[in-house]
Every structure is written in C-alpha cells, then in structure tokens.
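Working notes, structure below.
Please treat every number below as a calculation from the coordinates, not as lab data. This one's a predicted model, so the numbers in the text were calculated from it and none came from an experiment. When we count neighbours, we look across all protein chains shown, and the Cβ atoms used for this are built from the backbone with ideal geometry, even at glycine.
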Amino acid sequence: MASFEDFASMVASMGPQAPVALFLSLEDAKPDEISNVIQAIRNAQGGEQSKILALHNDWEKMKVRMTARSAGCTDVLPMPPTEDQFRQALGMPPLSGPGKDAAPQPSPVQGAAGTDPSAQQAKTVLVVDDASIIRTGLKYILTEMGIKVLEASNGNEAYNIFLSSPPDMLITDLIMPGMDGFALMSRFRGNPATSKRPIIVVSSYGDKPRLVKALRSGANDFIVKPFRPEVVKDKVRRHLKLS
C-alpha cells in the first residue's frame with residue numbers, strides 16, 4: 001500500500017504493473033485530471049482489472065456519482081469509508097472475529113430456535129430488459145451471489161410479476177417496447193409493497209440524459225453497459241445490505 005499527495009507523484013511512481021486498487025479523492029480534483037490518471041492506470045499492465053474507487057463527502061449525490069462514472073471510476077465511496085465499505089469495495093468479506101461485538105450467526109442451513117425463517121430466505125431481484133443476453137448475464141452474476149432472479153422482457157410483464165411476487169430489488173433497462181423503464185419505476189414506487197425497495201437502472205453513457213432523468217425519477221443507482229461482474233455485485237450488495 002502506498003499514498004501520494006497528488007496525482008502527478010502517483011503516476012510518476014507507477015511501474016509497468018497497475019495497482020490492484022486505487023482510492024482517490026474527488027474533493028478538489030478536476031474531471032480532466034481524474035480522467036488522465038485513470039487512463040494512465042488502464043494503459044499499464046493489468047490496468048483493465050484495477051478497481052478505481054472515488055472518495056467524496058457527498059458520495060451519494062447524483063452529480064458526484066455521474067462525475068466519477070464519467071471519468072471512469074469503478075464506484076464512489078464516502079470519505080473516509082468505513083472498514084466494511086473499504087473491504088466490500090475490494091471484494092473482501094466483512095471483518096469478524098476478535099474485536100467484534102456481534103454474536104455468531106446460526107447457519108442458514110441448520111437454522112436456530114426463535115429465528116425468523118423469512119430472514120434466512122434468499123433475496124429476490126427482478127431483472128427487466130428486452131435483450132435476453134443482458135438478462136442472462138445479470139442472472140448468472142446474481143445467482144452466483146445466492147440471489148433468486150425473476151426475469152421480464154418488458155415493463156408490462158415486469159409489472160404483473162411484482163404485483164404478485166414483490167421482489168427485494170428491481171434492476172431495469174430504460175428503453176423497452178410497451179411500458180418503458182420510467183413508467184415501470186413509477187409503478188414500482190407507487191406499489192406499497194415495493195415503494196421503498198431499491199431500483200438500479202441498466203444503461204450506457206450514450207443514454208446519459210435518460211440516466212440523469214432516471215436517477216431524478218427515483219432510481220437508487222445505475223449499472224453501465226457493458227457491465228463488470230464485480231461492479232454489479234458491489235452495487236447489489238450495498239443496496240440490499242448484504243454482507
């Protein structure tokens with residue numbers, strides 16, 4: 001691990017191998033400056049696999065997240081991040097063991113007396129996209145996480161599904177035949193059973209105006225096409241509050 005006071009000294013110290021992960025502050029940085037640093041990392045050996053995490057006090061604000069994403073950051077975290085946020089961003093399990101006050105949790109398989117069975121059931125995510133390849137890719141990633149996946153190819157189909165089986169999260173495309181993603185989000189937010197549950201939209205930077213509109217319309221986050229499995233997993237874990 002190494003730390004630097006500015007981007008120039010960091011880039012100058014880089015060898016042929018890119019870092020596994022880079023945390024950088026967005027507080028006083030200019031977008032062009034960030035983009036140049038990220039490009040230098042991506043050009044290094046193994047740079048495409050590096051995680052680049054932006055830090056900002058207003059990390060949950062749409063403008064900050066859009067700036068970071070546009071520059072090429074993998075994700076945005078608070079400054080400073082908590083220990084678990086730090087570990088989750090790196091794909092590491094949360095801390096446990098000595099020093100932690102939490103009592104050991106019973107195995108989901110074995111169960112325990114007095115435990116609510118519903119708390120041990122897998123989370124359910126409804127994936128909506130008219131492109132089957134996108135649905136298949138997301139389903140594969142989510143299934144690896146132990147999540148139950150419901151699928152729909154358009155908003156109308158998704159609406160009927162979540163009325164009868166309210167999912168814990170909605171992941172939806174924006175542009176679809178019939179009911180589009182915006183109308184679907186409105187229905188999802190208007191249904192008492194799902195009104196407070198997280199929504200992640202799937203889009204591309206070519207659809208930036210629509211993406212901004214979606215975030216203003218109630219989406220909690222977004223995934224950019226083509227998506228990386230680790231980015232999908234990080235976002236889903238955070239919004240479903242999974243360990």
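A few comments on the model shown:
- Exceeding the 24 Å Cα-Cα cut-off - candidates K61/K241; K30/K233; K63/K148: K30/K233; K63/K148
- Projected-area mean, the stretch 145-190, by convex hull of Cα positions, square nanometres: 3.2 nm²
- Under the simplified labelling scheme, the A40-L150 pair shows an inter-label distance of 4.9 nm, with each label point 7 Å from Cα along Cα→Cβ.
- Dipole magnitude for the stretch 140-222: computed about the Cα centre from +1 point charges on Lys and Arg Cβ and -1 point charges on Asp and Glu Cβ, it is near 400 debye.
- What the Cβ-Cβ distance of S195 and L90 gives, at R0 = 45 Å and to the nearest 0.05, is a FRET efficiency of 0.85.
- In the stretch 159-243, the inverse of the mean reciprocal separation of distinct Cα atoms equals 13.2 Å; this is its Kirkwood hydrodynamic radius.
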